[in-house]
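One structure is given here, and the rest of the page talks about it.
The values are calculated or read from the model by the stated rules, or taken from the named source; none is laboratory data. Predicted, not measured: the structure shown is a model, and the values here were computed from it. Here the Cβ positions follow ideal geometry from the backbone for every residue, glycine too, while neighbour counts run over all protein chains shown. Ligands, DNA and RNA are excluded from the accessible area calculation, which covers all protein heavy atoms including side chains. Shrake-Rupley method; radii C 1.70, N 1.55, O 1.52, S 1.80 Å.
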Amino acid sequence: MKPRKPSQHVALSEVASLHRQASRMKRAEESSQSLEMLDEALEACPAYVPALLLAGRRLQMSASEGPAEKRAGLRKARRYLQQAVLASDRSAASLVELGYFLHVTEGASDAAERYLLAGVEKAQTVLEDGWSGLIDVLYAQGRLEEAVALGKRAQQLFPDSVRIATSLTPVMAAMPAPTPKRTPAPRRRR
């Protein structure tokens, strides 16, 4: 199947549709068709990060006819993954994907470590922000017990997080005071 030239103004929804179709093609015999669709999507929108990441993965796993083709595919995969890092403003997913690539295909463990660490740090920041926001939402919905439970879980992972503590403060203040447990009076023996 020869890729068609994209029109001058391709809608993002078309690019996303090509990516979705390509991502459903998981069998080995669909690999070249999947890559053609991804190339078409990336020709229309070179900064579409999901397609860059998927194309990078698929090129690493593609069955090339010879060593020269395999090397060319890996160079293209690296280029796509580097573009994904730039286009995504160093998103966690793109940093991790490039880190894996550098480790597995190039054996560049030092560079891989730097990218993987940066990806993990970025992911932790997103997780901390997400949990803080979710605590705020649960509080606004009056779901105090859930907010407290999530806050405790978040504080286990981020014990020094001012953001989590700030989100949790109004929740704890709104919690009803615990009622003291009444211990039954001892019964007299007769």
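Values for this structure:
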item	result
Rg over Rh, two decimals, region 91-149 (C-alpha only, Kirkwood Rh)	1.30
Estimated distance in nm for a label pair at Lys26 and Val104, the labels positioned 7 Å out from Cα along Cα-to-Cβ	1.5
Inter-centroid distance (Cα atoms) of region 37-92 relative to region 155-190, Å	52
Gain on full stretching of the segment that runs from Asp129 to Lys70 - 0.36 nm per residue minus C-alpha separation	17.2 nm
Lys, Arg +1 and Asp, Glu -1 on Cβ, resulting dipole of region 77-190 about Cα centre, debye, nearest 20	1420
Cβ-Cβ FRET estimate between Glu145 and Leu117, R0 fixed at 41 Å, reported to 0.05	0.70
Solvent-accessible ranking of Lys26, Lys122, largest area first, probe 1.4 Å	Lys26, Lys122
Net charge dipole size for region 51-136 [Lys, Arg +1 and Asp, Glu -1 on Cβ; Debye, nearest 20]	560
DSSP H segments from the chain that extend 27 Å or more along their own axis, Cα-based, with Kyte-Doolittle mean of -0.5 or above	109-140
Segment Arg163-Ser17, extension gain: residue separation times 0.36 nm, minus the distance between their alpha carbons	48.8 nm
For peptides 29-41, 171-183, sequence by mean Cβ density within 10 Å, most packed first	29-41, 171-183
Protection-proxy order for peptides 146-152, 53-59, each taking the mean of Cβ atoms within 10 Å per residue, highest first	53-59, 146-152
Accessible carbon and sulfur surface of the chain relative to its total accessible area, %, 1.4 Å	55
Neighbourhood charge, 14 Å Cβ-Cβ cut-off, centred on Arg163 and excluding it, Lys, Arg +1 and Asp, Glu -1	-4
Options [x] 15.2; [y] 19.6; [z] 10.4 - which one matches mean projected area of the Cα convex hull in nm² as calculated here	[y]
Dipole moment magnitude, nearest 20 debye, the chain about Cα centre, only Lys, Arg, Asp, Glu C-beta charged	1380
Rounded to whole Å, sorted largest first: equivalent-ellipsoid semi-axes of region 117-176, Cα gyration tensor	22, 10, 8
